[in-house]
Amino acid sequence: MKKLISLFVFSLVLTSAFAQDLSKFKKENFIKGADTLKYRILYPENFDAAKKYPVVLFLHGSGERGSDNEKQLVHGSKMFLTDDFRKKFSAIVVFPQCTEDSFWSNVEIETVTGKRFFNFLTGGAPTKAMSLLLGLTDELVKKTFADQTKIYLGGLSMGGMGTFELLRRKPKTFAAAFPICGGDNVANVKKYKKIPLWIFHGGLDDVVNPQLSYNVYHALKKVGHTPKFTVYPKATHNSWDSTFAEPELMSWLFSKTKNQTSQVPARSSE
């Protein structure tokens, strides 16, 4: 019984410590007209607004949608809170939250006999969540403390799909990106073919078929840009934990730099 009590107390301490760490992500709102995009932002230690910092945007999956401005931190936030990351990479990290009534990417989803099929669109107006995200991205990039040559993007599942879409709508903004278990219409790849990508997927993913990521990879190769592509053979839909554990991911990401001349925020492309 004493061991059980000790274990329970220890777990409470760990939970409390993690919750305390999450509080380092400050709660903010981006307002556009009558709509609001909630987001959390992590500033580097000893943040100095007079200096320039890289900015990382991370897009959550469909299960973390809501309006509590908390659930979007469930996956991935720990990676940016480690002492190792904080010491090696002095960066601003942003986790926006998509509302339950929207989706990051412009995709039609249909379930047939238990299987989900995705029809990614090649144009059209962005979803409400994407429209707000485009506005937030512009706002962040224009900050005096944002290094416009080092704006990065990543996301998982719905957020992986949103990563591809945000890249095609803002191809002149990002220095590199890492979509996880996402997908896109291969007709879109020409719009972000010059952006360094590291694509991840689980080989046994039965929610978002790994073929979707492979199709993007293959299409990019055909237009002269071969991205990094990692498939975890035994992983199902949760390939993000393996991705977050990649020892070279952050070093690879922060090694990429966008030319200053191409970093002026452009109008969103359709």
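The values are calculated or read from the model by the stated rules, or taken from the named source; none is laboratory data. Just so it is clear, the model here is predicted, and its values are computed rather than measured. Here the Cβ is made from the backbone with ideal geometry for all residues, glycine too, and neighbour counts use every protein chain on show.
Sort out which residues of the stretch 194-216 are within 23 Å of K150 (Cα to Cα) and either surrounded by 17 or more Cβ atoms within 10 Å (Cβ to Cβ) or touching an Asp or Glu at 6+ places or on another chain (Cβ under 9 Å) (or both), and write them in order of number. Walk me through how you get there before you give the answer.
Kept after step one, since they are within 23 Å of K150 (Cα to Cα), are these residues of the stretch 194-216: 194-200.
Answer for the stretch 194-216, where residues must be within 23 Å of K150 (Cα to Cα) and either surrounded by 17 or more Cβ atoms within 10 Å (Cβ to Cβ) or touching an Asp or Glu at 6+ places or on another chain (Cβ under 9 Å) (or both): I195, P196, L197, W198, I199, F200.
One line per residue, one yes/no per condition, for (1) more than 18 Å from the chain's Cα centre (by Cα); (2) under 21 Å from V107 (Cα atoms); (3) acidic (D, E); (4) modelled with pLDDT of 95 or more:
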{"residue": "L166", "(1), (2), (3), (4)": "no, yes, no, yes"}
{"residue": "F174", "(1), (2), (3), (4)": "no, no, no, yes"}
{"residue": "D184", "(1), (2), (3), (4)": "no, yes, yes, yes"}
{"residue": "Y192", "(1), (2), (3), (4)": "no, yes, no, yes"}
{"residue": "F200", "(1), (2), (3), (4)": "no, yes, no, yes"}
{"residue": "D205", "(1), (2), (3), (4)": "yes, yes, yes, yes"}
{"residue": "Y214", "(1), (2), (3), (4)": "yes, yes, no, yes"}
{"residue": "N238", "(1), (2), (3), (4)": "no, yes, no, yes"}
{"residue": "T261", "(1), (2), (3), (4)": "yes, no, no, no"}
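Among the helices (runs of 4 or more DSSP H) lying completely within the stretch 60-145, list those that include at least 3 residues that are within 13 Å of R40 (Cβ to Cβ).
Numbers: elements: 77-81, 83-88, 128-141.
Output list reads 77-81.
Any residue at all in the stretch 52-59 that is surrounded by 12 or more Cβ atoms within 10 Å (Cβ to Cβ), at pLDDT 95 or above and part of a loop (DSSP other than H, G, I, E, B)?
Step one: of the stretch 52-59, the residues surrounded by 12 or more Cβ atoms within 10 Å (Cβ to Cβ) are 52-59.
Those left that are additionally at pLDDT 95 or above: 52-59.
So of that shortlist, the ones also part of a loop (DSSP other than H, G, I, E, B) come out as 52.
Yes, the stretch 52-59 contains at least one residue that is surrounded by 12 or more Cβ atoms within 10 Å (Cβ to Cβ), at pLDDT 95 or above and part of a loop (DSSP other than H, G, I, E, B).
Kindly state which helices (runs of 4 or more DSSP H) lie completely within the stretch 153-270 and contain at least 2 residues that are free of Cβ contacts under 8 Å to residues at least 40 places away in the same chain.
Numbers: elements: 158-169, 210-222, 240-244, 249-254.
Once the helices (runs of 4 or more DSSP H) in the stretch 153-270 are filtered for at least 2 residues that are free of Cβ contacts under 8 Å to residues at least 40 places away in the same chain, what remains is 210-222.
Take the stretch 100-120 and flag every residue that is touching a Lys or Arg at 6+ places or on another chain (Cβ under 9 Å), without any contact (Cβ under 8 Å) to a residue 40 or more places away in the chain and within 30 Å of N29 (Cα to Cα). Break it down into steps so the answer makes sense when it comes.
As a first pass, look at the stretch 100-120 and keep what is touching a Lys or Arg at 6+ places or on another chain (Cβ under 9 Å): 100-103, 109-110.
After this cut, where a residue has to be without any contact (Cβ under 8 Å) to a residue 40 or more places away in the chain as well, the list is 100-102, 109-110.
Of everything in the stretch 100-120, those that are touching a Lys or Arg at 6+ places or on another chain (Cβ under 9 Å), without any contact (Cβ under 8 Å) to a residue 40 or more places away in the chain and within 30 Å of N29 (Cα to Cα) turn out to be E100, D101, S102, I109.
Of G135, G159, G124, which residue is at pLDDT below 95 and not aromatic (F, W, Y)?
Details: G135 fails: at pLDDT below 95; G159 fails: at pLDDT below 95.
Every option except G124 fails the conditions.
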